[in-house]
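The values are calculated or read from the model by the stated rules, or taken from the named source; none is laboratory data. This structure is a prediction, so every number in the text was calculated from the model and none was measured. Backbone-built Cβ (ideal geometry, glycine too); neighbour counts: all protein chains shown.
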Amino acid sequence: MPQKGEKIRILLVDDEKIITMHMEKLLSNMGYNVVGTASNAEEALTKARELYPDLIIMDIIMPGEKTGMDAAAEIKNELDLPVIFMTAFADDKIVEKAKICEPAGYIVKPVQDQEIRASIEIAIYKKQKEKKRKESLQNTEPPRSRNKSM
């Protein structure tokens, strides 16, 4: 996760090159660091492992054997990175499937600038809070048992 003053590092995953180019420019203009792009789920997994970004913005439907949801589930289990879905699909069936992956957000295309910024900032904030909570739990000693001698 980024430290104060560091740019948030984002991996952008979408099979439509025009959307990737637009989002890359938009995110850069907003002050984010797009560290890589991928056009399918397999490439997303490889780049996530290599680059270990702070956040991944991923399309759900992409070419190949795996979907964005498949990749997001693997990324969550293996790398514990937040994933925001960005998709043109918002019907109940797809949203229900997406919920199983526990995404950090769900944005419907075409995206609005403020919507993407808010989703990124909230996802990063939640991840930082979760990390602090886990660290706090690890640093807490278990209660000592008391010997009561009478």
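Here are the numbers for this structure:
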read-out	value
Criterion violated by PHE85 - all others in (1) aromatic (Phe, Trp, Tyr); (2) touching a Pro at 6+ places or on another chain (Cβ under 6 Å); (3) farther than 21 Å from ASP15 by Cβ satisfied	(3)
Of the criteria (1) closer than 21 Å to VAL34 by Cα; (2) within 11 Å of the chain's Cα centre (by Cα), which one GLN114 fails	(2)
Qualifying residue in region 33-55 (condition: of a type in the set (A, V, I, L, M), touching a Gly at 6+ places or on another chain (Cβ under 7 Å) and surrounded by fewer than 19 Cβ atoms within 10 Å (Cβ to Cβ))	yes
The listed residue being out of contact with any strand residue (DSSP E or B) (no Cβ under 8 Å at 6 or more places or on another chain), modelled with pLDDT of 95 or more and farther than 23 Å from ILE124 by Cβ, out of GLU96, GLU74, GLU42	GLU42
Filter result (at negative phi and of a type in the set (Gly, Ala, Ser)) within region 1-35	SER28
Residue within region 79-87 that is of a type outside the set (Lys, Arg), surrounded by fewer than 17 Cβ atoms within 10 Å (Cβ to Cβ), modelled with pLDDT under 95 and on the phi < 0 side of the Ramachandran plot present	no
Failed criterion for LEU11 (all others in (1) touching a Phe, Trp or Tyr at 6+ places or on another chain (Cβ under 7 Å); (2) within 24 Å of GLN128 (Cα to Cα); (3) outside any helix (DSSP H, G or I) hold)	(1)
